[in-house]
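Report on the structure given below.
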Amino acid sequence: MLFWIVIAVLTVVVVIALLLPLTRSSAVATERAAGEAAVYRDQLAEIERDKASGLISAEDADYARAEVGRRLLAIDRQGEASAAARRRHPLVEAFVVVLLPAVGLGLYLLTGSPGTPAAPLAARLENPGDNMDLLVAKAERHLAQNPGDGNGWDVLAPIYFKAMRLGDAEMAYRNALRILGPSAERLTGLAEVLVTNADGVVTDDARMAFENALKVDPAHPKAQFYLALGLEQAGRASEAKAAFETLARNSPPDAPWQPLVAQHIAKNGGGPLAGAAPPVATAPALGGPSAEDVAAAQQMTPEQQMDMIRGMVANLDAKLKEEPNNFEGWMRLVRSYAMLKETDQAMAALKTGLGVFPADSERGGQLVALARELGLPAEEALK
């Protein structure tokens, strides 16, 4: 009942707000016209007095009366126009008073939920049901009152990560680690957040977290994968291939990450392992290998595989000259040339990439950081 009372009051307020300018403008116009007409009538009386006293001639008095009469006629015409406007106002007023509330009520009854009982925020937080936003809000309210609840932070951290609230996810993982202590899942969760925040680059902080996760659980596959990926990104292809091969051998043949690991083994110059799943068929990235390329590479000698990789890198280089605004492409090109030990080409790609993404921008800073991680003389590219 209270809801409908509030709706009625708001409707009345809106109607008054819409009608007030109409009535106010009519009253102001009428008052102004009446005042002007009174002034002109006084002028007519004054003309008669001046004529009677001989101050002006009869001819001048006629001219003056004609001028004042003209102005009075103009006032009368304005009054008639105002009256016509006032006659139109009832239609507008009827629309505002009747139709607008009726349309609003009809739309609410059609699209709203008038039968839904009132549910204040506190009550909804107590019974959030399957509403994820309310569940998160409830957990956040609990942690604001109990910041030392490590289990709460541990539960909320992966939810933040899935929602791509990376800053909140990092804070939650660090709080959980501080309160509950290290575990492989918490450390890899924190490291994965850091990698995602760095656009897929395994940074030093992320690498340390993955290494600490392996100290807790030496067989943790996600930590092994990302450490191998870090080696690949650093241009250490042989070490990356060995790390990916170790992960493939130590994982069950039907593990879901086996196809991706096989793809990285091929990318770093290795062949298929006995019992390992074939590389996953994925759409090629800009300048990257297709599924057919990976399959063909498995039948090649190491020299032929390296030639194919160089061809793909050259293809990426050519495409970036046509589409220079591809940031991930420049990151991949610099990393690829560094992996191939072609330092001059890597530096040329770095300089060209910094021409598109200046070093003082966020993405340019990431390019410089990648070059330093790869051991390239990044300072020369900044000159």
Of the cross-linked pairs Lys267/Lys351; Lys162/Lys222; Lys222/Lys341; Lys241/Lys351, which ones have a Cα-Cα span greater than 21 Å in the structure shown? Lys267/Lys351; Lys222/Lys341; Lys241/Lys351
From the phi angles alone, apply the Karplus equation (6.51, -1.76, 1.60; θ = phi - 60°) to region 253-263 and give each ³J(HN,Hα) in whole Hz, x where the residue is Gly or Pro. x, 9, 4, x, 8, 4, x, 5, 5, 4, 5
Taking 7 Å along the Cα-to-C-beta vector as the label spot, tell me the Lys162-Leu340 distance in nanometres, rounded to one decimal. 4.2 nm
Charge tally for neighbours of Lys222 with beta carbon under 15 Å away, counting Lys, Arg as +1 and Asp, Glu as -1, is -1
In sequence order, calculated HN-Hα J values of region 205-217 (Karplus, 6.51, -1.76, 1.60; Hz; x Gly/Pro): 4, 5, 4, 4, 5, 5, 5, 5, 5, 5, 5, 7, 9
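Rank-order 49-55, 369-375, 329-335 by packing density, defined as the average count of other C-beta atoms within 10 Å over each peptide's residues, highest first. Spell out each step's value before the answer.
On the way: 49-55: 11.3, 369-375: 18.6, 329-335: 23.4.
Descending mean neighbour count gives 329-335, 369-375, 49-55.
Any read-out appearing in this document is the output of simple, stated calculations on the displayed coordinates, not a laboratory observation. Model, not experiment: these values are computed from the prediction. Don't worry about glycine lacking a Cβ; one is built from the backbone with ideal geometry, like all the others, and counts go over all protein chains shown.
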